[in-house]
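The values are calculated or read from the model by the stated rules, or taken from the named source; none is laboratory data. Worth saying up front: this structure is predicted, and the values here are computed from it rather than measured. Because the Cβ atoms are built from the backbone with ideal geometry, glycine has one as well, and the counts that use them run over all protein chains shown. Areas reflect the complete protein model, heavy atoms only, side chains present, ligands, DNA and RNA absent. Shrake-Rupley method; radii C 1.70, N 1.55, O 1.52, S 1.80 Å.
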Amino acid sequence: EVFDLLPERAAYWRGRGALLIADPHFGKADHFRASGIAAPDTTAATLRRLSAALAATAARELMILGDFFRARPGVARDVVGALQAWREARPGLTITAVTGNHDVHAGRPPECLRMDCVGERLLIGDLVLRHHPEAEADRFVIAGHVHPAVRLHGPTGQSLRAACFHFEPRFATLPAFGDFTGTHVIRPRVGDRV
């Protein structure tokens, strides 16, 4: 199978015509604001980036590898309204979502988003799509959850932390798609690709 890794922090599965993203965490800012913590609204920017990736690839399907919403307080009226308007503009797009750890607390996405929620694991041929990057016998796993990043160092001591795709022998981990998610710096082992 051939996947194009996109700078939008998404992967395009050529053979299926599907765009894969992980951890969009919609409503995270609303969740923080409900707790009295100031946070920027990132829903519109995240949807613009998602729209650009879909347009660039002409994907017919969107596959979400968990954590569509951050938490129940993030399923706010303005967030759902923005998602619904975005969804209504793409009636032919098939959306499939794998359940992530935050989805358990946030609940199923509203029916108006017309998403097929398939549980913790989706098997397609020899590939397994899931939220947690756990190896499976005889199958390659594509997952999210970790929000992988690398720290790059320059010759004069400067450094940069950047989201990345992380490939290990038995699975690949996609970067977090959401704009307000944070990252986890990984330490690649021999044989890994970043």
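For this structure, a couple of remarks:
- Cut-off 18 Å, label 7 Å out along Cα→Cβ of residue 48, residues of region 1-17 by amide N: 7-10
- Estimated dipole of the chain in Debye, rounded to 20 [Cβ of Lys and Arg +1, of Asp and Glu -1, Cα centre]: 320 debye
- With all protein chains kept in place, the per residue accessible area of region 39-194 amounts to 51 square angstrom at a probe of 1.4 angstrom.
- Both the radius of gyration and Dmax for the chain are 16.5, 53 Å, in that order, over alpha-carbon atoms.
- Carbon plus sulfur fraction of accessible area for the chain, probe 1.4 Å, in percent: 53 percent
- Farthest positive-ward along region 100-178 dipole, Cα basis, beta-carbon charges - from 166, 154, 176: 154
- Projecting label points 7 angstrom from Cα along Cα→Cβ for residue 158 and residue 185 puts them 1.7 nm apart.
- In this simple spin-label approximation, residue 124 and residue 2 carry label points 7 Å from Cα along the Cα→Cβ vector, and these lie 1.6 nm apart.
- HN-Hα J in Hz across region 157-172 - Karplus 6.51, -1.76, 1.60, θ = phi - 60°, x for Gly and Pro: x, 6, 9, 9, 9, 9, 4, 8, 9, 10, 10, 10, x, 10, 7, 10
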